[in-house]
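The values are calculated or read from the model by the stated rules, or taken from the named source; none is laboratory data. Source: prediction; values computed, not measured. Don't worry about glycine lacking a Cβ; one is built from the backbone with ideal geometry, like all the others, and counts go over all protein chains shown.
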Amino acid sequence: MELYENLTSIKGVGEKTTSLFNKLGIYTVGDLLWNYPRDYEDYPDITNLDEAIDTAREDGIDLVNVGMKVALAGSVRTPAMMKRTKRLNIITATYFCPDKPVECVWFNNTYIRSGINIGEMVILYGRLKSDGYRYKLEQPNIYTVDKYNSFKYSFQPIYHLTRGLKNQNVRNALRNAIDSIRSDGFTDDFLPQEAIEKYNLLNYMDAVEYMHFPENFQDLKEGRRRLVFQEFYYFILNNALQRRQEVGVLNTRDFSKDSWASELISKLPYELTNGQKETYDVIIRDLRGQYVSQRLIQGDVGSGKTIVAFLSMLIASENGYQSVIMAPTEVLARQHAASFEEMATNYNLPIEVLCLTGSLTAKQKREAYAKIQNTQGLLIVGTHALIQEKVEYNNLALVITDEQHRFGVKQRESLGEKGVSPHMIVMSATPIPRTLALILYGNMQISAIKDMPAKRLSIKTAVIKENLRANAYNKIATEIKAGHQAYIICPLVESSESSESENVMDYVDKINKYYGGIYRISPLHGKMKPAEKNRIMQEFSEHNIDILVSTTVVEVGINVPNATIIMIEDANRFGLAQLHQLRGRVGRGSDQSYCVLMDKSKGKDITPRLKVMGESTDGFYIAEQDLKLRGPGDFFGVRQSGDFNFKLADIIGDADILKEASVEVDNLLSQDNKLENHPKLKLHLNSFVKDNNLIL
């Protein structure tokens, strides 16, 4: 079996299952192997009801609203009952664990009745909840004692699913695919043997199998280490090869005029910070330098990168050149355009601003294309619509993007084909330690804005356990009554098998019920169609929504100064840099803002990682602390961001592996700078870059 073959070549995978996998972007055998688990389930010790209740009380777990995952030993004394409704078959059974009753319920799961036998001692695995009088489990799994004990200390993978596709379907397909690949003698390894031996890395197929079917934690750890090394290695090697092919492009443009920007700086109602001034000065030097420049501007959330970008665009305009700034969402693009137009009006700036997004009508797009083609000095704001083939620029001199929308090779080639070699600026709010940034952005100059505007109020952050949940909800209500808005962030879109995390769709129902339906509450998640996401974000920005319940899709792309509180559920599932990014959704106006982090770890004490969030709002400090605090098990569900399109690798948590990969790439290229002696590596590198849409 080959990695590029269709999924139907896997035993047990038919057309129906293939169509379900396709919905998740899985089309080939290789896609399936690289569809790594989003989390792993570790099963708790078997207990009885009294012990479970005592544990919940000690840990402050709310059994009424949240519940707690348990493995209860119990048996039934009476047969299971089934009730039919128009849409559901509801099966109920009362288990005694060992003496107190626990009501169990299953929906549309009629076969479960065959496993419910009077007097048989079984293990019920599920979420224990209470309505104040009774204890219950919704849709628990039933195991024999021996079966449960057989995998109690193993790690069971949990995958992203879609309706109709179960976790076991994914596991079965993976098992059959891996067995078939091995039986066909697939032993190819793409990394240089020297690197594999030096760092004692697993071979490729062992690493893949350990990711999906680990027998113990050490297997999982070693499998992931090999695959993370490979991701970093390919990324760094790809960038290094591109740098070697690049020839410095002479800067033939004249940027001698800067009076518009200087005058605006003098009229602003605030003074630029030292970091903003230094970055602005170095951009001017770039624009006037001998070669066309590429620069990364690192600036913490709220550090004022956008005004620096606007000043840079003003310089381009005054000298007769066009400039563009590309935003990750249409909502933010429109916000940028409105802000630039407002400054142009308020400060009498002789500039014209144009906003180009995908949602414009065909007529509006034609008019925008004509304006771009015929107007010198135009400030252009937009989304990826800016790099469509139909867009013809009129002496484009400066391109500014954020980290989510950096230009890849194809985009740069398309600009080059149009006779454009613009200066490029990448703005990043992800606080990456400089040692790592130099590896990841080796082809760019790096600047950092580390200080914050003087009048910016620090976001007050609280890390709390379940016993203080009501206090958090009350604080949200207080902010809404004061005319403000709130975010609530959940890790998942909808409930899935064995998941303990909050999910957006259920949460909307729960929070509506809690507040009695008096607030305007809306969900937002990445599975929505782009037009729907844009509509909801626009509604929120216009204060037509009070509480936005969202996944991390709001990490970038929306600026709502009226939002003053954000609550992040199950905060331990996120990397600290991502938590810091999410926290930056508030604190954008003049009012005091708040961040509430829900710590669902066991025990009364706050986890050390979340304590860092409560103690500091300095993103660079947080990133450094994250490097120190990461433990060997912290990769379960923890990711910093997807900015580099890595499937597994985490630039903070895997910093040591990143450095090792960088050293090995340097060693390889010092001996074989065109990969002539490593044809298999070159072939798979090209495939990796294409499949991951990596930035070159």
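A few comments on the model shown:
- So A370, is it in contact with a strand residue (DSSP E or B) (Cβ under 8 Å, 6 or more places away or on another chain) and either loosely packed, with under 15 Cβ neighbours inside 10 Å or touching a residue at least 24 places away in the same chain (Cβ under 8 Å) (or both): no
- Taken over segment 142-162, the criterion of being assigned to a strand (DSSP E or B) and in contact (Cβ under 8 Å) with a residue 40 or more places away in the chain is satisfied by F155, Q156, P157, I158.
- Among the candidates L124, L165, L128, L72, the residue that is surrounded by 15 or more Cβ atoms within 10 Å (Cβ to Cβ), in a loop (DSSP other than H, G, I, E, B) and not assigned by TED's automatic domain parsing to the domain that holds I606 is uniquely L165.
- From D184, D189, residue being buried (at least 18 other Cβ atoms within 10 Å of the Cβ), under 30 Å from T8 (Cβ atoms) and at pLDDT below 85: D189
- Top-ranked residue in segment 41-69 [being part of a strand (DSSP E or B) and aliphatic (A, V, I, L, M); ranked as farthest from R127 (Cα to Cα)]: I46
- Filtering S303, S256 for residues that are modelled with pLDDT of 90 or more and not in a helix (DSSP H, G or I) leaves a single hit, S256.
- Within segment 143-174, the set of residues being of a type in the set (A, V, I, L, M) and more than 24 Å from I10 (Cα to Cα) comprises V145 only.
- Each residue in segment 15-27 was checked for being surrounded by fewer than 19 Cβ atoms within 10 Å (Cβ to Cβ), outside any helix (DSSP H, G or I) and at pLDDT 90 or above, and 1 pass.
- V331 satisfies every condition listed in (1) over 23 Å from F255 (Cβ atoms); (2) touching a residue at least 40 places away in the same chain (Cβ under 8 Å); (3) out of contact with any Gly (no Cβ under 9 Å at 6 or more places or on another chain); (4) of a type in the set (A, V, I, L, M, F, W, C) except (3).
- Considered as a group, the residues in segment 325-365 that are of a type in the set (V, I, T), at pLDDT below 90 and assigned to a loop (DSSP other than H, G, I, E, B) include one that is farthest from I265 (Cα to Cα), and that residue is T361.
- Against the criterion of being within 22 Å of Y473 (Cβ to Cβ), assigned to a helix (DSSP H, G or I) and modelled with pLDDT of 80 or more, G614 qualifies.
- Matching entry among V301, V292 (being among the hydrophobic types (A, V, I, L, M, F, W, C), in contact with a Gly (Cβ under 7 Å, 6 or more places away or on another chain), buried (at least 17 other Cβ atoms within 10 Å of the Cβ) and not assigned by TED's automatic domain parsing to the domain that holds L576): V301
- Contact annotation: residue pairs with Cβ atoms under 6 Å, 6 or more positions apart or on different chains, pairing a residue in segment 225-254 that is assigned by TED's automatic domain parsing to the domain that holds M205 with a partner that is of a type in the set (D, E) and at pLDDT 80 or above, are V228/D654.
- Test: residue in segment 171-192 that is among the acidic types (D, E) and touching an Asp or Glu at 6+ places or on another chain (Cβ under 9 Å): yes
- All conditions but one from (1) touching a Leu at 6+ places or on another chain (Cβ under 9 Å); (2) under 24 Å from D258 (Cβ atoms) apply to K371; the one that does not is (2).
- S498 meets the conditions (1) touching a Pro at 6+ places or on another chain (Cβ under 8 Å); (2) at pLDDT below 80 in every case but one. The failed one is (1).
- Residue satisfying condition, being within 30 Å of S130 (Cα to Cα) and polar (S, T, N, Q), within set T17, T28, T55: T55
- Residue under evaluation E278, criteria (1) in the same structural domain as N203 (by TED's automatic domain parsing); (2) crowded, with 23+ Cβ neighbours inside 10 Å; (3) in contact with a strand residue (DSSP E or B) (Cβ under 8 Å, 6 or more places away or on another chain); (4) not polar (S, T, N, Q), criterion not met: (2)
- A Cβ distance below 8 Å, combined with a sequence gap of six or more or placement on separate chains, defines the contacts here; from segment 210-221, residues that are at pLDDT below 90 reach residues that are among the hydroxyl-bearing types (S, T, Y) in the pairs P214/Y40; P214/S154; E215/S154; N216/Y153; N216/S154; D219/Y210; L220/Y40; L220/Y210.
- Some residue of segment 310-324 being under 22 Å from N559 (Cα atoms), in contact (Cβ under 8 Å) with a residue 12 or more places away in the chain and among the aromatic types (F, W, Y): yes
- Cross-chain or 6+ apart pairs with Cβ under 8 Å, segment 288-306 first and closer than 23 Å to L457 by Cα, then among the charged types (D, E, K, R) and surrounded by 20 or more Cβ atoms within 10 Å (Cβ to Cβ): I297/K305; G299/K305; V301/R583
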